[in-house]
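Working notes, beginning with the structure itself.
The values are calculated or read from the model by the stated rules, or taken from the named source; none is laboratory data. What you see is a predicted model; the values in this text were computed from it and never measured. Positions of Cβ are backbone-derived with ideal geometry, glycine not excepted, and every protein chain shown enters the neighbour counts.
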Amino acid sequence: MTGGVLHVVVPGGIDDPARPSGGNTYDRRLCAALPGRGRTVRLVEVEGGWPWSADLGAPALEGALAGLPDGATVLVDGLLASRLPSVMLPASRRLRVVLLLHLPVGVDDVLARLPEQQVVMAAAGVVTPSDWCRDWLLWTYDLDPRRVVVARPGVDRAAVASGTRSGASLLTVGAVSSIKGQDHLLAALADLRDLAWTWTCVGSLTVEPEATVRLRRAATTLGVADRILLAGPLGGADLEAAYADADLLVLPSRTEAYGMVLTEAIAHGLPVVATDVGGVREALGESPTGSVPGLVVRPGDPADLASALRRWLTDHDLRALLRSAALERRSLLDGWSVTAGRVAEAVREVAA
């Protein structure tokens, strides 16, 4: 069954290599896969600075939605919409609005919950990347469960990382920021100076510049700056090379709705060590034999993270076990066509 035009409203620059993020990747890959699921996509990019600013972007979002015909079906990225009930409520009365909430802003900002609740309750439907995110929305905003659909991010199968014999090559992928928790990882690694390790940190250094400055200063103070490479944002062959050279993906985040980087790492056969937040366990999943392809640690606890990394670095048998689990889990990963199918079905329900 095919559908009509789906207008997809996203932050400007989702193809910009200097702005890699899970949300941008999701938006871009979803739009590429939806035509294969019977939807004609019309992409509408809304500029508002980077990181996106509700104050700067409100007029642009209002203008973009005003340009759509009455009754049009529109998928709107929550990064644009969640803080703007003054724009979204009138639009939701005129359009069939489906919100794509990568991460509800109310998770980290209690003051944002009331405007976000108004926006999600006015929408005809909501798409989230994880069961955890869906449960949070239902519990916090008292939504009708039938209106909230989970469409987990897809992932492309990749070449298995070659890594090193020692397991000492650690990788993080994500913009340097307080949310991504690189400061906790640095604190953990400072307790492991007696062991051999290197850390390659892939991700924007300008989304939260002060976090980058603090990270550099702390690395120098702790005497480990020579073991850390702040590589900046990478894509394409350069990102593939970073995965190929890694032994372990570390995700020290304070908040994650899902954690796309986890499945990306597993697609390369890489085990992970991750904080137990949001949808992380959901993204990790299990191998066909029930093994988890990584270790989960307490959030906000650098000592627990250090303990898990020490186990990884010193226990050959553990490394072999987790690598095997990652390779098995790799065989179960879904591609973006599955994600697009779930979104297309949610949109059809709204347009019916």
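List of remarks:
- Checking R342 against (1) touching a Lys or Arg at 6+ places or on another chain (Cβ under 7 Å); (2) under 28 Å from G38 (Cα atoms), the condition it does not meet: (1)
- Neighbours by Cβ (under 8 Å, 6+ apart or cross-chain): first from segment 317-339, among the small types (G, A, S); second surrounded by fewer than 20 Cβ atoms within 10 Å (Cβ to Cβ) and assigned to a helix (DSSP H, G or I): S337/G36
- Some residue of segment 256-275 being of a type in the set (D, E) and surrounded by fewer than 18 Cβ atoms within 10 Å (Cβ to Cβ): no
- Options L75, L80; residue that is in contact (Cβ under 8 Å) with a residue 60 or more places away in the chain, touching a Leu at 6+ places or on another chain (Cβ under 7 Å) and assigned to a helix (DSSP H, G or I): L80
- The residue that is modelled with the lowest pLDDT, among those in segment 307-326 that are farther than 10 Å from S166 by Cα and of a type in the set (S, T, Y), is S324.
- Taking every residue in segment 184-211 that is in the same structural domain as L222 (by TED's automatic domain parsing) and assigned to a loop (DSSP other than H, G, I, E, B) and pairing it with any residue that is at pLDDT below 95 and among the β-branched types (V, I, T), at least 6 positions away or on another chain, the pairs with Cβ-Cβ distances below 9 Å are E208/I179.
- Residues (hydrophobic (A, V, I, L, M, F, W, C), farther than 30 Å from E345 by Cβ and buried (at least 21 other Cβ atoms within 10 Å of the Cβ)) located in segment 151-172: A161, L170, L171
- Exclusive hit being under 21 Å from the mean Cα position of the chain (by Cα) and not charged (D, E, K, R), set P293, P288, P302: P293
- From V87, V126, V160, residue being in contact (Cβ under 8 Å) with a residue 60 or more places away in the chain and either under 29 Å from D276 (Cβ atoms) or part of a helix (DSSP H, G or I) (or both): V160
- Assessment of segment 83-106 against the conditions (assigned by TED's automatic domain parsing to the domain that holds G22, modelled with pLDDT of 90 or more, touching a Lys or Arg at 6+ places or on another chain (Cβ under 9 Å) and surrounded by fewer than 21 Cβ atoms within 10 Å (Cβ to Cβ)) yields at least one matching residue.
- Among the residues examined, V120 qualifies as touching a strand residue (DSSP E or B) at 6+ places or on another chain (Cβ under 9 Å) and either closer than 24 Å to R348 by Cα or not in a loop (DSSP other than H, G, I, E, B) (or both).
- Residue match in segment 305-326 (condition: surrounded by fewer than 20 Cβ atoms within 10 Å (Cβ to Cβ) and under 22 Å from the mean Cα position of the chain (by Cα)): no
- Screening the candidates E47, E62 for the property of being charged (D, E, K, R), at pLDDT 75 or above and crowded, with 16+ Cβ neighbours inside 10 Å yields one hit, E62.
- Selection from segment 198-221 of residues that are of a type in the set (A, V, I, L, M, F, W, C) and in contact with a Leu (Cβ under 7 Å, 6 or more places away or on another chain): W199, C201, V202, L205, L215, A218, A219
- Filter result for V297 (of a type outside the set (F, W, Y) and crowded, with 21+ Cβ neighbours inside 10 Å): yes
- Residue that is surrounded by the fewest Cβ atoms within 10 Å (Cβ to Cβ), among those in segment 1-36 that are among the hydrophobic types (A, V, I, L, M, F, W, C) and at pLDDT below 85: M1
- Residue in segment 237-248 that is within 14 Å of the chain's Cα centre (by Cα) and surrounded by 22 or more Cβ atoms within 10 Å (Cβ to Cβ) present: no
- Test for A231: is it modelled with pLDDT of 95 or more and more than 15 Å from A159 (Cα to Cα): yes
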